[in-house]
Amino acid sequence: MRRLIFATQKLDSNDPILAATAAKVRALAERVDELVVLCDSAEPGIAPDNVRVHEFGSRTQVQRGARFAAALERELKPRPIGVVAHMIPLYVVVAAPLVRPRRIPLLLWYTHWKDHVVVRAAEKLATGVITVDRRSFPFESRKVHALGHGIDLSEFSCSEPPAGDGALRALVLGRYSPAKGLETILRGAALAGGVRVEAHGSTGDGEYDAHVRELEALARELGVEAELGAPVPRSGVPALFAQSHVLINNMRAGAPDKVVYEAAASCLPVLASNPVFDDLLPPELRFERDDPETLAARLRSLDRRRRPDLREIVAARHSVEHWADGVLATVEGR
């Protein structure tokens with residue numbers, strides 16, 4: 001029996017940040033006899049029939065760690081083909097003393113620019129590291145395997161551009177963090193003229209809330225029409241794509257936001273600054289991260305009546321099926 005253990009934060013089909021994990025779980029479940037998911041919390045009924053879910057949520061990190069370790073140890077018999085830690089390096093650190101002595105492959109999935117001591121420890125303890133692109137892991141490692149991002153194309157479809165000759169509708173999705181580069185986006189929109197910016201992201205954190213206020217003040221100062229709204233549930237993202245002319249992504253290098261691939265799967269034009277998107281976006285859809293002038297030039301030259309055909313690239317290199325095949329190939333040393 002092929003059994004795989006997958007550790008992640010949560011399974012929630014409508015979480016604005018983590019909903020895509022549910023599709024990854026389904027894709028993995030289709031390729032093994034049994035999938036065991038260890039997570040902080042899970043939406044009832046979200047898992048396929050051959051998936052067993054253990055929730056280890058608790059009020060303190062120490063309690064969560066103890067519950068995680070206990071659930072993992074119980075599931076190591078019968079022997080799984082591997083253990084995959086999704087985006088949380090600490091899972092690898094906690095799991096390694098239980099997993100590595102049994103010579104079970106232990107993988108870390110990590111796609112972010114942030115380098116810290118726990119990531120370094122996890123890389124040393126893991127048998128392999130899986131990520132979107134070699135540039136989406138924060139430091140060089142011989143253990144890194146690039147698999148693409150894992151987009152569920154069934155959630156997204158192409159649509160006609162919005163009708164009318166009003167303002168160009170530019171969409172921005174993601175956390176309100178300085179790492180997202182929204183200041184450059186607002187300045188680029190101001191230089192281009194005739195651009196309406198609609199953003200949706202996480203708030204409720206003191207630092208993020210303060211940053212939103214700064215961005216709102218900047219938009220007023222620049223005379224840019226901008227709506228800085230709350231995050232939308234996963235089910236609402238396709239409608240936002242359909243009513244927009246372009247998605248703008250200015251995340252700092254090293255963290256390829258999945259929303260870029262999701263927009264591309266919807267045939268929505270994307271302007272992005274992260275070099276990692278060079279396998280998806282042609283030069284005319286890329287700009288320098290801290291250069292509002294280049295972004296403005298891209299906005300002015302954008303053909304709002306045309307939807308680029310990027311979906312096939314996403315399907316070939318970044319689909320959830322391609323991702324799941326890559327995970328299992330890495331686990332099994334193929």
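Take the residues of region 196-207 that are open to solvent by less than 50 Å² (accessible area, probe 1.4 Å) and not charged (D, E, K, R): which is modelled with the lowest pLDDT? Among those that are open to solvent by less than 50 Å² (accessible area, probe 1.4 Å) and not charged (D, E, K, R), it is S202.
When the residues of region 285-301 are filtered to those that are of a type outside the set (A, V, I, L, M, F, W, C) and part of a helix (DSSP H, G or I), the one that is nearest to V195 (Cα to Cα) is R300. Within region 121-140, the residues that satisfy the criterion of being in contact (Cβ under 8 Å) with a residue 12 or more places away in the chain and charged (D, E, K, R) are E123, D133, R134, R135.
Looking only at residues of region 45-85 that are touching a Cys at 6+ places or on another chain (Cβ under 9 Å) and open to solvent by less than 80 Å² (accessible area, probe 1.4 Å), we find that the one that is farthest from R102 (Cα to Cα) is G57. The set of residues in region 238-263 being open to solvent by 10 Å² or more (accessible area, probe 1.4 Å) and among the β-branched types (V, I, T) consists of V259 alone. Does A42 satisfy the criteria of being open to solvent by 10 Å² or more (accessible area, probe 1.4 Å) and aliphatic (A, V, I, L, M)? Yes. Looking for something of a type in the set (D, E), in a loop (DSSP other than H, G, I, E, B) and within 22 Å of A167 (Cβ to Cβ) - is there at least one such residue anywhere in region 302-316? Yes, region 302-316 contains a residue that is of a type in the set (D, E), in a loop (DSSP other than H, G, I, E, B) and within 22 Å of A167 (Cβ to Cβ). Using the structure shown, decide if R213 is of a type in the set (K, R), part of a helix (DSSP H, G or I) and open to solvent by 40 Å² or more (accessible area, probe 1.4 Å). Here the answer is yes, as R213 does meet what is asked.
Is it the case that region 176-195 has a residue that's in a loop (DSSP other than H, G, I, E, B), touching a Pro at 6+ places or on another chain (Cβ under 9 Å), in contact (Cβ under 8 Å) with a residue 40 or more places away in the chain and surrounded by 21 or more Cβ atoms within 10 Å (Cβ to Cβ)? The answer is no, given that none of the residues of region 176-195 is in a loop (DSSP other than H, G, I, E, B), touching a Pro at 6+ places or on another chain (Cβ under 9 Å), in contact (Cβ under 8 Å) with a residue 40 or more places away in the chain and surrounded by 21 or more Cβ atoms within 10 Å (Cβ to Cβ). Here is the figure for region 141-168: residues that are more than 23 Å from A316 (Cα to Cα), in contact with a strand residue (DSSP E or B) (Cβ under 7 Å, 6 or more places away or on another chain), in contact (Cβ under 8 Å) with a residue 60 or more places away in the chain and surrounded by 15 or more Cβ atoms within 10 Å (Cβ to Cβ) total 1. Among the residues of region 1-25 satisfying the criterion of being within 19 Å of E321 (Cβ to Cβ) and free of Cβ contacts under 8 Å to residues at least 40 places away in the same chain, which is nearest to the chain's Cα centre (by Cα)? Once the filter is applied, the top-ranked residue is A22. When the criteria are applied in full, V36 meets the requirement of being assigned to a strand (DSSP E or B), buried (at least 20 other Cβ atoms within 10 Å of the Cβ) and β-branched (V, I, T).
The values are calculated or read from the model by the stated rules, or taken from the named source; none is laboratory data. The structure displayed is predicted, hence computed values, not measured ones. A quick note on method: Cβ atoms are made from the backbone with ideal geometry, for glycine too, and the neighbour counts reach across all protein chains shown. For the accessible areas, the whole protein counts, side chains as well, though only heavy atoms, and no ligand, DNA or RNA atoms are used. Shrake-Rupley method; radii C 1.70, N 1.55, O 1.52, S 1.80 Å.
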